[in-house]
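Structure first, commentary second.
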Amino acid sequence: MIAFLNSLPGAVAQGIIWGIMAIGVYVTFKILDMADLSVDGSFATGGAVLVTCVTGGMNVWVAVLAATLAGCIAGLVTGIFHTKFGIPAILAGILTQLGLYSINLRILGGQANKTVSASNYKLMLTLRNIPGAIIVAAIVTLILIGVCYFFFGTEIGESLRATGANQHMARANGINTDFTKVLGLVISNGIVAFSGAVLAQYQGFADVNMGRGAIVIGLAAVIIGEVIFGKIFKNFALRLLAAVFGGIIYYVVLTLVLRMGLNANDLKLFSAIVVAVFLGVPFWKNKISQKLPARKNEDSTEQ
Amino acid sequence: MLTIKNLSKTFNKGTINEKQALTNVNLELEAGDFVTVIGGNGAGKSTLLNMVAGVFPVDSGTITVDGVDVTTLPEHKRAKYLGRVFQDPMMGTASTMWIEENMAIASRRGLTRSLRWGISSEQRAEYMNMLAQFGLGLENRLSTSVSLLSGGQRQALTLLMATMRQPKLLLLDEHTAALDPKTAATVLDLTDKIVSRNNLTTMMITHNMKDAIAHGNRLIMMNNGQIIFDVKGEEKKKLTVEDLLKKFSELNGEEMVNDRMLLAK
């Protein structure tokens, strides 16, 4: 128990960083209504670009920007595969993800991983100072949520949301849905690469496999956040915050089950099951409420 | 206002499901024309409307709206000239978004979208005003998700959205077919009001012959991908459902049989 409590701050820090990633997943999965698997690749791309740039002597904030832009380009490629090649979104994402594996290896100079030590370079945050890392990650997250809140309230942001909600309506109102989808993928992968860059600093290295299963963790965070906070968090900014809380909860639970003796090799299986169950919850709820006599929906049937 | 020349469309060309949906259709609408379109299932009514809207590319022929050749423009670019209401009440609005957000999106049809905030307080007041004129009680529910509205309310909202920016052409694709008779009548009434107030050039597909006669100044009947009957002005006013049925069997050599149409009589 003491060990669990001791590892709690680290879990929170990781949870926030993955929560940033979950905001990226939220953009595609919830707003555009598509599952984008390129994030597994672009997350590692973010980490790889950051470590390579910083160890090459670049300022850490410029390196973070470069990592984010690299993620945006990955999203652009997926978007072009999807809209210009007519490839279904899921497959387009898988293709980008696969291609990025080779690219990430090249960025890392042919190695599978590369370290960036906090003692040699000035970093945003590091796990050597977990409380500091939590504060930095939290501030960055809040700023990101603010920017997203603003963007998705603008005319362009609104057109992205309309595209996800109803493409027919969007096109009938003059929205170029191909453009909005590509833009959404660019933004999403940019955010994901950004979180990869933050994680690489936190853990002190980038690994070509660091993004494996990232989409599942991102989805877990989004869905856990929605299931737990969906009833109270109605505002868009709060919904994004819920995804970050989802990430924290996910990592706290993960740490707990590891302490309780779960074999670390079984983690991915655990993640997959958690996501499957939480994805199922809204579906089951729906089924159950359909079986009960309709009471609540009087409002929607009146003229 | 709308000129269609020799428009043809075949679906699934070269397969066993090949279907010639439109054959050499010619149609000219004057500004302010309100034309109702009738015809049996598969007559080509919806295809015609969708071709004008740019949902499918044309095989041959041209479509001109107010002097602009839109034949090769993609759907979202043509939207600048067109207001559309669909048969399915789910299709015309973004149901997970608020009423005011839907209206804000519609108010920028054909305009460039920028990083300006999506809605201002003046716009909100303006939307409230527009909705109040409908008498549907929606004016105080601007921040209600559209998913909570009934089919009739959604169609009314879509109608308003389609005409917030004056379209060159309003396309109504059986927009009352999914509603109960009372609601359908309300929405049709609203349609008439909006069309006459804004003097809109309108094409309205309907399965209901009575409605086709009662609304608009012109009526066209389609069959087998062609316009087989076109009547306007005084002559149209005098039409009866019986006339139309007779006309159909006369021109086509068969009965205009269709459950929905018979029920609609």
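The values are calculated or read from the model by the stated rules, or taken from the named source; none is laboratory data. Computed from a prediction, not measured in an experiment: that's the story for all the values here. Reconstructed Cβ throughout: ideal geometry from the backbone, glycine too, with neighbour counts over all protein chains shown. Accessible surface areas use protein heavy atoms only, side chains included; no ligands, DNA or RNA. Shrake-Rupley method; radii C 1.70, N 1.55, O 1.52, S 1.80 Å.
Scalar couplings 3J(HN,Hα) for the stretch A:146-153, obtained by applying the Karplus form with A = 6.51, B = -1.76, C = 1.60 to θ = phi - 60°, are x, 4, 4, 4, 5, 4, 6, x Hz; x denotes Gly and Pro. Per residue, the convex hull spanned by the Cα atoms of chain B measures out at 141 cubic angstrom.
Could you work out how far helix A:236-259 tilts from the main Cα principal axis of chain A, as a 0 to 90 degree angle to the nearest 10? It works out to around 60 degrees.
For the protein assembly as shown, carbon and sulfur atoms together expose 58% of the accessible surface, with a 1.4 angstrom probe and every protein chain in place. Other residues whose C-beta falls under 15 angstrom from the C-beta of residue B:23 contribute a net charge of +3, scoring Lys and Arg +1 and Asp and Glu -1. For chain B, the longest principal axis of the alpha carbon atoms and the long axis of helix B:181-198 meet at an angle near 80°. For the protein assembly as shown, the antiparallel share of DSSP beta bridges with both residues in that region comes to about 60%.
Helix A:39-55 and the longest principal axis of the C-alpha atoms of chain A enclose an angle of approximately 30°. Comparing the stretch B:90-166 with the 2.2 N^0.38 Å rule of thumb, its C-alpha radius of gyration ratio is 1.01 (two decimals).
Close amide H contacts of residue B:218 (hydrogens built in the peptide plane, cut-off under 5 Å, sequence separation of 5 or more or a different chain): B:34, B:36. Chain A against chain B buries an accessible area of about 2700 Å², both chains summed, 1.4 Å probe radius.
Out of every Cα-Cα pair in the stretch A:2-292, what percent are more than 33 Å apart? I get 20 percent for the Cα pairs in the stretch A:2-292 exceeding 33 Å. For the stretch B:29-42, 3J(HN,Hα) computed residue by residue from phi via the Karplus equation (6.51, -1.76, 1.60; θ = phi - 60°) reads 10, 7, 4, x, 5, 10, 9, 9, 10, 10, x, x, 4, x Hz, glycine and proline entered as x. Think of a 1.4 Å ball rolled over the protein heavy atoms: chain B then has 44 Å² of accessible area per residue. For the protein assembly as shown, the calculated P(r) over all alpha carbon pairs, in 20 Å bins from 0 to the bin holding the longest distance, is 19, 43, 28, 10, 1 percent. Accessible area per residue for chain A, computed on protein heavy atoms with a 1.4 Å probe, is 45 Å².
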